[in-house]
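In what follows, a structure is listed as structure tokens, so that the remarks can point back to it.
Bear in mind these aren't lab numbers, they're just calculated from the coordinates by the rules spelled out. Since we're looking at a predicted model, the values are computed, not measured.
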Amino acid sequence: MSGVVDVASMLKDWWTSVRIMAEHAMMMLSLMYIKFSIQDVRQSCMCYASE
């Protein structure tokens, strides 16, 4: 029975670390997306201003 408990706690630790990594990846992706969106807006504003 102790083997099952070991595996369960191992899976729990693994799942926690995977979840944390996924949350970090999502945060990084959304930050990059926001940065690119702001750059796009700035570029289109520059284009309008130069006309």
With 0.36 nm assigned to each residue of separation and the Cα-Cα distance removed, residue 5 to residue 40 gains 7.4 nm
For the range 10-16, Karplus-derived ³J(HN,Hα) couplings (6.51, -1.76, 1.60; θ = phi - 60°; whole Hz; x for glycine and proline) come out as 4, 4, 4, 4, 4, 4, 4
Add -39500 (n - 2.57) for each DSSP H run of 4 or more in the chain, then divide by its residues: what number comes out at 222 nm, to the nearest 500 deg cm²/dmol?
-36000 deg cm²/dmol
